[in-house]
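The values are calculated or read from the model by the stated rules, or taken from the named source; none is laboratory data. On a predicted model such as this, the values are computed, not experimentally measured, just so you know. As a convention, Cβ positions derive from the backbone with ideal geometry for all residues, glycine included, and neighbour counts pool all protein chains shown. Heavy atoms of the whole protein, side chains included, go into the accessibility calculation; ligands, DNA and RNA do not. Shrake-Rupley method; radii C 1.70, N 1.55, O 1.52, S 1.80 Å.
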Amino acid sequence: MPLLVEGRRVRLPQSAGDLVRAHPPLEERARLLRGQSVQQVGPQGLLYVQQRELAVTSPEDGNGATCLTHCDGTDTKAEVPLIMNSIKSFSDHAQCGRLEVHLVGGFSDDRQLSQKLTHQLLSEFDRQEDDIHLVTLCVTELNDREENENHFPIIYGIAVNIKTAEIYRASFQDRGPEQELRAARALTGGPMISIYDAKTEQLRIGPYSWMPFPHVDFWLQQDDKQILENLSTSPLAEPPHFVEHIRSTLMFLKKYPSPTNTLFPGNKALLYKKNEDGLWEKISPGS
């Protein structure tokens, strides 16, 4: 019985709204999450997970391992087993508790991309061998608001307190380190990867490789409206920093069309570790 809600097998397929309405605790949890005020998080003590990245860690006692990831529908069939293996390799879940999943994000977009991704994720979790308990479902129509006949997400960012397992609405001014490098990897089609080694408490970036981004000069010549309409799946719903973020990532890709030797000397990962102030600090390999 892989995907469970309140100990009962989830019946798929059905819309996220139907699923939540069939399980009142799910509906209440989504309502409470939507109603939270947004907390500004970081940079102290923050491990920010970008698109197509995952990170697994736990409190210092070793129990309650948490995996946070940003799925975008690129390869859900491969990503869900990667998530499962990452969390299972970190803790003996059979003795430490149960496997729980919290899905948050998306909205009622015109192209129904959010609905498609939600269905993919639920279906893939349902296919896993382990019992997986669906605890939070705040996606698609459950994370949607309408304004002037346009739809927008309610929740744009989410954070997890590793020690308390609390999930809450969040915004982030700091998305580093190596924000542009990590964004460039995603924009050029890189697959989902793990970025954090909890045993050494190190953030490991790369080494990555990519092909030169097609027509990068053309895109850099376009105005904000063109970039928004052509390089976003949901132009009307993007946060204010989206175009600036895409433009800086494109400039980075122009500067580093082939990153292997220039960004990763000796083809080695860039390593970061938290200092005493809880901020990421670059370290040299072997230190």
Exercise for the section: Hey, can you tell me all the residues within region 1-21 that are small (Gly, Ala, Ser) and over 17 Å from VAL101 (Cβ atoms)? Expected result: SER15, GLY17
Exercise for the section: Kindly indicate the residue of region 17-45 that is farther than 30 Å from GLY278 by Cα and of a type in the set (Lys, Arg) and also most open to solvent (accessible area, probe 1.4 Å) among those meeting that condition. Expected result: ARG21
Completion exercise
Selection over region 215-229 where residues are open to solvent by 80 Å² or more (accessible area, probe 1.4 Å), modelled with pLDDT of 90 or more and on the phi < 0 side of the Ramachandran plot yields a count of 5
Practice task
Output the number of the condition that LEU187 fails; it satisfies all remaining conditions of (1) over 16 Å from the mean Cα position of the chain (by Cα); (2) of a type outside the set (Val, Ile, Thr); (3) modelled with pLDDT of 90 or more; (4) open to solvent by 30 Å² or more (accessible area, probe 1.4 Å).
Solution key: (1)
Completion exercise
Within region 233-280, restricting to residues that are at pLDDT 85 or above and polar (S, T, N, Q), the one that is least open to solvent (accessible area, probe 1.4 Å) is THR249
Handout entry: Scope region 106-123; condition farther than 17 Å from ILE83 by Cβ, hydrophobic (A, V, I, L, M, F, W, C) and surrounded by 20 or more Cβ atoms within 10 Å (Cβ to Cβ); matching residues
Key = PHE107
Practice task
Give the residue, chosen from GLU147, GLU180, that is open to solvent by 60 Å² or more (accessible area, probe 1.4 Å), of a type in the set (Asp, Glu) and under 17 Å from GLU238 (Cβ atoms).
Solution key: GLU147
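Here is a yes/no grid of residues against (1) open to solvent by 70 Å² or more (accessible area, probe 1.4 Å); (2) among the polar types (S, T, N, Q); (3) in contact with a Phe, Trp or Tyr (Cβ under 8 Å, 6 or more places away or on another chain); (4) at pLDDT 90 or above:
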{"position": "PRO2", "(1), (2), (3), (4)": "no, no, yes, no"}
{"position": "SER15", "(1), (2), (3), (4)": "no, yes, no, no"}
{"position": "GLU79", "(1), (2), (3), (4)": "no, no, no, yes"}
{"position": "PHE90", "(1), (2), (3), (4)": "no, no, no, no"}
{"position": "CYS96", "(1), (2), (3), (4)": "no, no, no, no"}
Problem - Residue that is nearest to TYR196 (Cα to Cα), among those in region 47-65 that are modelled with pLDDT of 90 or more and either open to solvent by 50 Å² or more (accessible area, probe 1.4 Å) or more than 13 Å from the chain's Cα centre (by Cα) (or both) - result: THR57
Problem - Flag for LEU68 being aliphatic (A, V, I, L, M), open to solvent by less than 30 Å² (accessible area, probe 1.4 Å) and within 19 Å of the chain's Cα centre (by Cα) - result: no
